[in-house]
Amino acid sequence: MSRDIKPDLISRRVFIKRGLQTAGSVCLGGLGLLSLQHLQGKSSVWQIDPHKCVQCGNCATHCVLSLSAVKCVHAYDLCGYCKLCGGFFPPDAVNLDTGAENQLCPTGAIKRTFVEDPYFEYTIDESLCIGCGKCVKGCSAFGNGSLFLQIRHDRCLNCNECSISRACPSGAISRVDLDTAYLLKGE
Amino acid sequence: MTRQRIIIFLSMILILNSAFCFAADRFPRPEFTSDYQKPQIISPLPEASWIDYLDMAVLVMALTLASWLALRKRSRNGLFVLSLFSLAYFGFWRSGCICPIGAIQNVTLALFEPGYTLPMVVLVFFFLPLLFALFFGRTFCAAVCPLGAIQDLMLLRPHRIPAPVAAVLGLLPVIFLGAAVLFSALNSGFIICRLDPFVSFFRFSGEFKMIILGVLFLLVALFFGRPYCRFMCPYGVLLSWVSRFSKWHVSITPDHCTQCRLCENSCPFEAINTPLPEISQTERQAAFKRFRLQIPLLIILFFSAGGILGYGLHIPLSKMNSTVSLAEQVVAEQLIQKETTLASRTFHESGKTLPQLLQEAKDIRNRFRVGSTILGFFIGLMFCIKILAVTTRRPLRDYEADRGACFSCGRCFAYCPDEHERQKLLTDQPDKIYESIG
């Protein structure tokens, strides 16, 4: 009796297995086709929209890298080359010189050089910048807003979910096209 | 008099307005008399897009090689070397992103969020291992996945996990998968990436608690094989579903099983099914009769319990969404004078109104109500299937790899005497055989 059933049983099992194989491939293919509609050939990268940024300081602390991939960028075209720079001096600076106690930047990453009376040039030493945005806040509040934060792509690991974007209170960090990898001010 | 006042007032408003709107023009741009040249803004370029193509090519080659090594060459050493390469390439050099495990979320988000575009490399990384699993089983796990490789390396002294414990823990990846799909479908974060225990090692930098989690997983991996793969990996769930129906699969024996039982304890992941005699027709009918009421009852019970639980949990789950949590925070500030947060202060400064925010949060919560109920049904169904799977077993004649659970790592090959015959290892000195087993 059992011998009569066995071949039938196996063929049924094989039939079910083949059916599920086909169903599985159809499902995979269907899912693939569906997602193909949203396909974009190129990869994208994370970037900060400087017009949305509120300079909260999270960029310095929330990057997965111990030294954040976010750095301050200077749009020289917008800069007023002020003698009294809101991004360089804290509001309560004692002397307007380059003494450490008179600098807003916690790491002294901004270099102040005399150009001609009464103009001073401010450049950022990226190796020192930690992306805290203190100077950006000062420049936006008292100056032309020529300093702004950007994700530097030589440092960014392009995580699947940017850890800073989760902590960003203003939703300023989003994925942008590879061609427009920087959202620069004053362009 | 009044007209003058109005004019002064209006001009004040205009001046104030211009100060806010044109903050970038407070100071005029200088006109230099010296020959000063403004420096250029340096913007270092991101990785070239050919790296994406290299990644895809390496993935295809690694999967092909892993399948060939596991199914045709039957070489554990080859798989081991390949897994070292994958750990170095996909793990340390490419710093763990993008991986197929995380790509689940991108694909889900692309299917549910019309504005989200899916990069080609993510799509390929998600589908290719599944496609290979449909033909060759989970060869991706064997030697391509860097997360699997780092745990496999740590396996020092494997211990058995009691079957009931393993069965219960085995449900965790299913829950994790469901939750990850829910959150990414509703654009509320990529929890798989947040809870990736090994990515901080690959980047040599990360949050302290994630490094601790990674170290814990590696410590467990010393004694219990691949804890992340077996009890957490959501992609492993998809692979095991597909692998069950794979066209080909690794077999313990190269020829035919002699039932020598030598391989019985060889698998550190307990993925070998032991033979089970066929029960008679009458016995089967009796068993069916005994459980014919319980099984449908159980299915209905778990299915509905899951749905109810999912529905009940939609409010706490929706707090994962930043808009919902912000709305709750703002409302709490007004009602119970809760302390403000950075996000709520930013919201107040943004000029968006509270009704707008509340409406957005309500819409998202409504979507969560549907999504988390579906998630509950899904998890309930998975519980039913698990219970049925552990209570019933198909008769089996030979020792076979469990197609769902087997990582195709090839550790069992060396235990089969037929394998020794195939490799012409059999000599007059039995010591040599034991040496090769190690």
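What's the Cα-based Rg to Rh of the range B:273-419, Rh via Kirkwood? List each step's numbers first, then the result.
Values: Rg = 26.1 Å, Rh = 20.4 Å.
Looking at the range B:273-419, the ratio lands at 1.28.
Quick one: Cα convex hull volume of the range A:7-89, Å³ per residue?
Spread over its residues, the Cα hull of the range A:7-89 gives 204 Å³ apiece.
Select from the range B:303-400 those trypsin sites (Lys or Arg not before Pro) which occupy a DSSP coil region and have at most 15 other Cβ atoms within 10 Å, ordered by residue number.
B:K319, B:K338, B:K352, B:R393, B:R397
Just the accessible area for B:D363, please: 1.4 Å probe, Å², rounded to the nearest 10?
Only protein atoms counted, so the area is about 80 Å².
What quantity of accessible surface, computed with a 1.4 Å probe and excluding non-protein components, is buried in total between chains B and A, in Å² to the nearest 100?
Protein heavy atoms only, the B-A interface buries about 5100 Å².
How large is the convex hull of the Cα atoms of the range B:344-426 per residue, expressed in Å³ as a whole number?
Considering the Cα atoms of the range B:344-426, their hull volume per residue is 192 Å³.
Relative to the longest principal axis of the C-alpha atoms of chain B, give the angle of the C-alpha long axis of helix B:172-185, reported between 0 and 90° and rounded to the nearest 10°.
30 degrees
Which values, in whole Å and largest first, are the semi-axes of the equivalent ellipsoid of chain A obtained as the square root of 5 times each eigenvalue of the Cα gyration tensor?
Result for chain A: semi-axes of 59, 16, 12 Å.
Do any residues of the range B:271-294 show a loss of at least 50 square angstrom of accessible area between the isolated chain and the full protein assembly, using a 1.4 Å probe, and if so which?
SASA drop of 50 Å² or more in the range B:271-294: no residue qualifies.
Are there residues in the range B:100-114 whose accessible area shrinks by at least 50 Å² when all protein chains are included rather than the chain by itself, and which are they (probe 1.4 Å, ligands and nucleic acids not counted)?
Those are B:L111, which lose 50 Å² or more relative to the chain on its own.
Go ahead and set up a Gaussian network model of chain B, Cα springs under 10 Å, then flag whichever of B:E349, B:E400, B:E31 fluctuates most.
So, out of B:E349, B:E400, B:E31, the one fluctuating most is B:E31.
Using the Cα atoms of the range B:172-228 to build a convex hull, what is its mean projected area in square nanometres?
The directionally averaged projection comes out at 4.4 nm².
By how many degrees, between 0 and 90 and to the nearest 10, does the Cα long axis of helix B:281-291 differ from the longest principal axis of chain B?
30 degrees
If I model a spin label as a point 7 Å beyond the Cα along the Cα-Cβ vector, how far apart are those points for B:E333 and B:A167 in nm?
My value for the distance between the label points is 5.2 nm.
Before I look further, what does the range A:8-55 give for accessible area per residue, probe 1.4 Å, in whole square angstrom?
The answer is 62 Å² per residue.
Taking the Cα centre of the protein assembly as shown as origin, work out the dipole magnitude from +1 charges on Lys and Arg Cβ and -1 charges on Asp and Glu Cβ, in debye rounded to 20.
That gives the protein assembly as shown a dipole magnitude of about 2400 debye.
Compute the acute angle (0 to 90°) between the alpha-carbon long axis of helix B:354-391 and the principal axis of greatest extent of the alpha-carbon atoms of chain B; round to the nearest 10°.
That helix lies at roughly 0 degrees to the long axis.
If you roll a 1.4 angstrom probe over the protein chains with everything in place, what fraction of the accessible area of the range B:18-174 belongs to carbon and sulfur, to the nearest %? Each step should come with its number before you reach the end.
Working: 5240 of 7600 Å².
Looking at the range B:18-174 in its full context, I get 69 percent from C and S.
Find out how many positive minus negative residues lie around B:E47, taking Lys and Arg as positive, Asp and Glu as negative, among other residues whose Cβ is under 12 Å from that of B:E47.
Result for the neighbourhood of B:E47: 0.
So which residue, out of A:R166, A:R152, A:R175, gets the largest mean-square fluctuation from a GNM of chain A using Cα contacts under 10 Å as springs?
Answer for the Gaussian network model of chain A: A:R166.
What whole-number value in Å² describes the accessible area per residue of the range A:102-185 for a 1.4 Å probe? Could the numbers behind the result be given before it?
Details: 3240 Å² over 84 residues.
Per-residue value: 39 Å².
If the viscosity is 1.567 mPa s and the temperature 4 °C, what translational diffusion coefficient in µm²/s does Stokes-Einstein give for the range B:132-247 when Rh comes from Kirkwood over Cα pairs? Write down the numbers at each step before the final one.
On the way: Rh = 15.1 Å.
The calculation lands on 86 µm²/s.
How high is the relative contact order of chain B, in percent, counting Cα pairs under 8 Å that sit 6 or more residues apart?
Relative contact order of chain B: 21 percent.
Between B:V370, B:V122, B:V60, find the one with the highest GNM mean-square fluctuation for chain B; connect C-alpha pairs within less than 10 Å.
Checking each option, the largest mean-square fluctuation is seen for B:V370.
Where the accessible area of the range B:194-271 is counted over protein heavy atoms with a 1.4 Å probe, how much of it, in %, is carbon and sulfur? List each step's numbers first, then the result.
On the way: 2360 of 3520 Å².
Taking all protein chains in place, the range B:194-271 shows 67 percent carbon and sulfur surface.
Given +1 on the Cβ of Lys and Arg, -1 on the Cβ of Asp and Glu, and no further charges, what dipole in debye does the range B:124-208 carry about its Cα centre, rounded to the nearest 20?
My answer is approximately 160 debye.
Of the DSSP beta bridges with both residues in the protein assembly as shown, give the percent that are antiparallel, rounding to the nearest 5.
Rounded to the nearest five, the antiparallel share is 90 percent.
In the range A:136-156, which residues give up 50 Å² or more of accessible area once the other protein chains are added, compared with their chain alone (1.4 Å probe)?
Correct list: A:N144.
In deg cm²/dmol, rounded to 500, what helix-only [θ] at 222 nm does chain A give when every DSSP H run of at least 4 residues adds -39500 (n - 2.57) and the total is split over its residues?
Value at 222 nm, helices only, nearest 500: -9000 deg cm²/dmol.
Given a 1.4 angstrom probe, I'd like the percentage of the accessible area of the range B:292-384 that is carbon and sulfur, rounded to a whole number. Let's see the in-between values first.
Values: 3910 of 5730 Å².
That fraction is 68 percent.
Using only protein heavy atoms and a 1.4 Å probe, report how much of A:W46 is accessible, in Å² to the nearest 10.
In the full protein context, A:W46 sits at about 30 Å².
Can you bin every Cα-Cα distance in the range B:207-324 into 10 Å intervals starting at zero and give me the percent of pairs per bin, rounded to whole numbers?
9, 17, 28, 29, 13, 4, 0
Taking the solvent-accessible surface of protein heavy atoms with a 1.4 Å probe, what is the per residue accessible area of the range B:91-142 in Å²?
Accessible area per residue: 28 Å².
Rg to Rh ratio, the range B:34-97, alpha-carbon atoms and Kirkwood radius?
Working: Rg = 20.4 Å, Rh = 14.7 Å.
The Rg/Rh ratio comes out at 1.39.
B:K209: which lysines have alpha carbons under 23 Å from its alpha carbon, excluding same-chain residues fewer than 8 sequence positions away?
B:K319
From the convex hull of the Cα coordinates of the protein assembly as shown, what is the mean projected area in square nanometres?
So the mean shadow area of the Cα hull is 39.3 nm².
Would you list, by chain and number, the lysines whose Cα falls below 30 Å from the Cα of A:K111, excluding same-chain residues fewer than 8 positions away?
Within reach: A:K52, A:K71, A:K83, A:K134, A:K137, A:K185, B:K38.
Select from B:W50, B:S34, B:P395 the residue farthest towards the positive end of the dipole of chain B; place +1 on Cβ of Lys and Arg, -1 on Cβ of Asp and Glu, and compute about the Cα centre.
Positive-end residue among those listed: B:P395.
According to the Cα gyration tensor, what semi-axes, each the square root of 5 times an eigenvalue, does the equivalent ellipsoid of chain B have, listed from largest to smallest in whole Å?
Working through the eigenvalues yields semi-axes of 55, 32, 17 Å.
The values are calculated or read from the model by the stated rules, or taken from the named source; none is laboratory data. Quantities reported herein were computed from a predicted structural model and do not represent experimental measurements. Heads up, the Cβs are rebuilt from the backbone with ideal geometry, glycines too, and the neighbour counts pull from every protein chain shown. Protein only, heavy atoms only, side chains kept; ligands, DNA and RNA dropped before computing areas. Shrake-Rupley method; radii C 1.70, N 1.55, O 1.52, S 1.80 Å.
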